[in-house]
Amino acid sequence: MVQKKLREKAKELLSKKEVDLIIGFGEGTQPLRATPIFIRTPEEADRLVWNSFCENNLAAYLHKFNRFKVGIVVKGCDARSVTALALEKRFKPDQVVLIGVPCERMIDRKKVKKAVKGEILKVREEGDKIIVLGEGVEVVLKRDDFLYPLCKACTHRNPVQETLLVGDRVEEAALTEPNPEAKEFEKKSPEERWAFFEKESSRCIRCYACREACPMCYCTECFVDSSNPKWMEKSLSPSDLQFYHIVRAYHQTGRCTNCGACERACPMDIRLTYLTQKLNQEVDELFQFETGVDPKALPPLSTYKTDDRQEFIK
Amino acid sequence: MEQTWEPKILAFLCNWCSYAGADLAGTSRIQYSPNIRVIRVPCSGRINPLFILKALQNGIDGVLVSGCHPGDCHYLTGNYIGRRKSSTLKRFLEYLGLEEGRVQFSWVSAAEGGKFSQVVDEVTRDIKKLGPPKHFVKHVRSS
Amino acid sequence: MKVKPLKLNKKDFQSFLKDVMKDHDLYAPVRLAEGVSIYKKIESQGEIDLESYNTQKPVKEVFFPQSEAMFRFDKVEDRHRVTSTDEVKRPRVVLGARACDIQAISLLDNVFLGKEYTDVYFLQKRTSTTLIGFACNHPLSTCFCASTGGGPFTREGSDLFFIDLGETYLVEPLTEKGKALTQNKLFAKASAEEIALASDIEKKAVKKSDASLPLEGIEKKLDQLVESRFWDRVHEKCIGCGVCTFLCPTCHCFDIVDEAVNERGQRVRNWDTCLSSLYSLETSGHNPRPTGRERTRQRVMHKFNYFPKNFKKIACVGCGRCILYCPVNFDIRQVLQDIKDY
């Protein structure tokens, strides 16, 4: 079982002092949740868990701990984020030990919540089933029906870069085409698209959960906080909400790994991945680039080819 | 007298090529649409996508970004980087539903006074067809 | 005043609201998306959503909007002119607020309606608003209102208190303001059975709400922990976003900015979060709360130590929103238990 192997590996790394700490997942305090934990002794390794609720991208914590030698539990998408961060020189190359876990795809907890009436009190995973216990009600759900959409489209479930692999490699067979939400969105007319974007962004409360959950958002001064020049205001005017989402997504060009941490963090259930998926599609089409796959490939906006496409330029 | 709407278009021109080209258009007394407002930048690679977005938010009717032809950049590779930024930004904005043609890009060299005036005329025609921006503009109340 | 419980049939609820809306602005939960709701001014009754458990943004927004223009300024013929922003034109009614949110407003009164300083924006809204509280028949497992000195049926702060009995509401007018709203022939005296049923529902709800974390003495305990190593690990998973602070019914920090173009614009106050590194960043570059450790400590201390020192009450009503919506499942109940056990 992956969880057992994970704990053994963690114990090994910590007792041999090959890392100062390990960032992994622990049991959440609510059903459908796992929570990031930070362990420093072999005894604490038994707190590590591995399940379908390990949705956070733990690479976001590497910035906080970049003075230490860190072991980090990564899914495929998280591993690519770490590679992308290494390219951006966020830590020294030997500082991070990637404990890679081939991902069986994470569950969309918000979808599970919507599918069950009343409060969910306990959730148990049994093979391909999710057993949900509510108040006086037990519902059995098919795991496959509640996979997170981006996970269904994933083609890098095995960590591309890893120092250690825990668990057997899984078959890279996406269940949907890549960037499915962007493709769906593109079918709409321009007016419909703006209306959708406007409606989604109108719920935004500028909590920046999306920004903080994203491993690639680490600027000490984010563009929203810049006062000279002041790009935008911190109020809830529709235009500023749109500005924030446009730019935050755009700043992920060539850096996003489709982990979905942003969308999953949002308390107002704002759809966000259709924005970054488009940009991932673009860099693939225009520059044949995919984030975090090739550790030597330079980020696309920091380099060029003399024959880059320019049919749009007069 | 009927007043037709005249768009206001922001033109970011790179100092070494496009701005010089615009200047040549002027000294050659070439007539072209008076709708652009020029901002001179050192290089088309200097353009931060936030410039374009801020301009659109402030209510500008159109944006033109113009630089040196590939291979001719005064800073050697600035326009190549600018090209990548421009292509990704343009596609993203159009994906969101902002009208195609509101943000445009061109290569104009210092010797192409004629081309510059043509580009401006074209862009102005396109923006006139699109009309004033319907989305994203911010109006700050002051009373 | 002695409470004489009334009843309102659910099928008369719409008519009641129609009457209320004749001369009041009505604020109630509005669904923005499935599972997402906030308090908004109601234009038509169809918008009201009393089904979802609790809104994301709490009732504080009605009195302390997330983004509020304080005044506007422009120029008229070279002379500067300042205009005040929309004053409250009609009395307001807030419908559907849970006991936790309403208790929080009473806590906010300490901050905004203090003895030496009165926030006119808050005051204006507060004095012109009648609060209709709704009892919480089914507290969630994340609700720990009973541990913070409140409870799902706590009536404190409500002008009018509705208890859902199924086909009818039991209605308790608790203040003169609340009584004024019941001067409507749709209300009738509640029967003894109805009062008994309400009492029964109340007992069940109170039993369900989590009282396992009594917080008496937490202030004194925290006094001992100010410089403790306890805080070294607490902050680790916090990513420093603003979800808990913005969704918290008692959090009240704000930032004031001028939104202006060429001498014309408005002065706006926006909610701010102490968990942002910018919150305490000084112009010199010095930051008295440089890392998450200091900021997380500050948040806990403010709610459970500083606020009680100033106002004799903890600044937490146990609504559980911070637990439900935290992206990394940071759980304040765990932290509080750890504090008690340290």
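Any read-out appearing in this document is the output of simple, stated calculations on the displayed coordinates, not a laboratory observation. Remember, it's a predicted structure, so these values are computed and weren't measured experimentally. Positions of Cβ are generated from backbone atoms using ideal geometry, with glycine treated the same way; all protein chains shown enter the neighbour counts.
Here are some notes:
- Residues of type lysines that C:Lys189 reaches as a straight line, Cα spacing below 26 Å, ignoring anything fewer than 8 places off in the same chain: C:Lys2, C:Lys4, C:Lys7, C:Lys10, C:Lys11, C:Lys18, C:Lys22, C:Lys177, C:Lys179, C:Lys203, C:Lys204
- Size of the range C:231-294 as Cα extents on the principal axes (Å, biggest first): 48, 33, 16
- Of the residues B:Phe116, A:Phe185, the one with the fewest other Cβ atoms within 10 Å heads the list, and the complete ranking is A:Phe185, B:Phe116.
- Selection from C:Thr85, B:Val140, B:Ile9 lying farthest towards where the dipole of the protein assembly as shown points positive, charges on Cβ: C:Thr85
- A cysteine counts as unpartnered when no other cysteine's C-beta lies under 4.7 Å of its own; in chain C this applies to C:Cys136, C:Cys143, C:Cys145, C:Cys238, C:Cys241, C:Cys253, C:Cys274, C:Cys316, C:Cys326.
- Pairwise inverse Cα distances across the range B:9-130, averaged and inverted, put the Kirkwood hydrodynamic radius at 14.2 Å.
- Taking the convex hull of Cα positions in the range C:6-208, its mean projected area over all directions (nm²): 14.0
- The A:Arg47 and C:Leu225 beta-carbon pair, evaluated with R₀ = 30 Å, returns a calculated FRET efficiency of approximately 0.80.
- Charge dipole magnitude, Cβ of K and R +1, D and E -1 - the range C:6-208, Cα centre, debye nearest 20: 140
- Qualifying chymotrypsin sites (Phe, Trp or Tyr not before Pro) in the range B:29-96, where qualification requires a DSSP coil assignment and no more than 16 other C-beta atoms within 10 Å, comprise B:Tyr75.
- Counted charge near B:Leu24, where neighbours are those whose Cβ lies closer than 13 Å (Asp, Glu -1; Lys, Arg +1): 0
- Using the Cβ of C:Ala196 as centre and a radius below 12 Å, the other residues enclosed give a net charge of -3, where K and R count +1 and D and E count -1.
- For the range C:260-272, putting each phi into the Karplus relation 6.51 cos²θ - 1.76 cosθ + 1.60 with θ = phi - 60° gives couplings of 9, 10, 6, 6, 10, x, 8, 9, 10, 10, 10, 4, 10 Hz, in residue order, rounded to whole numbers and with x for Gly and Pro.
- For C:Gly292, the shell of other residues with beta-carbons less than 13 Å away shows a net charge of +4, using +1 for Lys and Arg and -1 for Asp and Glu.
- Scanning chain C for GluC sites (Glu not before Pro) in DSSP loops with at most 15 neighbouring Cβ atoms within 10 Å leaves C:283-342 as the longest stretch between them.
- Extension gain, A:Val139 back to A:His63 (0.36 nm per residue minus Cα-Cα distance, nm): 23.3 nm
- Additional length obtainable on full extension of the chain from C:Thr175 to C:Lys204, 0.36 nm per residue less Cα span: 7.9 nm
- Nonlocal amide H pairs with B:Ile39, under 5 Å, H built at 1.01 Å: B:Ala11, B:Phe12, B:Leu13
- Only Cα pairs under 8 Å and 6+ residues apart enter the sum, and on that basis the relative contact order of chain C stands at 20 percent.
- In terms of its C-alpha gyration tensor, the range A:17-101 has an oblate overall shape, because the principal axis ratio a/c (a ≥ b ≥ c, square roots of the eigenvalues) is not below 1.5 and a/b does not outweigh b/c.
- Label zone at C:Arg31, where the point sits 7 Å out along the Cα-to-Cβ direction: the range A:109-123 residues whose backbone N lies under 20 Å: A:109-120
- Sorted largest first, extent of the range A:135-279 alpha carbons per principal axis (Å): 51, 41, 39
- Cα-centred dipole magnitude for the range C:218-341, charges only on beta-carbon of K, R (+1) and D, E (-1), debye, nearest 20: 480
- With a Förster radius of 35 Å applied to the C-beta separation of C:Lys18 and A:Glu184, the computed FRET efficiency comes to 0.25.
- Relative frequency of Cα-Cα separations exceeding 31 Å in chain C, percent: 38
- Taken along the Cα-to-beta-carbon direction at a fixed 7 Å, the label points for A:Ser15 and B:Asn58 span 6.5 nm.
- Here the dipole of the protein assembly as shown is about 1060 debye; that uses its Cα centre as origin and unit charges on the Cβ of Lys and Arg (positive) and Asp and Glu (negative).
- Where trypsin sites (Lys or Arg not before Pro) fall in DSSP loop in the range C:74-150, at most 16 other Cβ within 10 Å: C:Lys89, C:Lys115
- Averaging the Cα positions of each part gives two centres, and for the range C:50-105 and the range A:1-72 these lie 44 Å apart.
- Given charges at Cβ of Lys, Arg, Asp, Glu: the range C:171-254 dipole, positive-most of C:Ile195, C:Cys253, C:Ile239: C:Ile195
- Loop-resident sites, the range C:3-61, for trypsin sites (Lys or Arg not before Pro), counting at most 13 other Cβ within 10 Å (DSSP): none
- Projecting label points 7 angstrom from Cα along Cα→Cβ for C:Asp258 and C:Asn310 puts them 2.7 nm apart.
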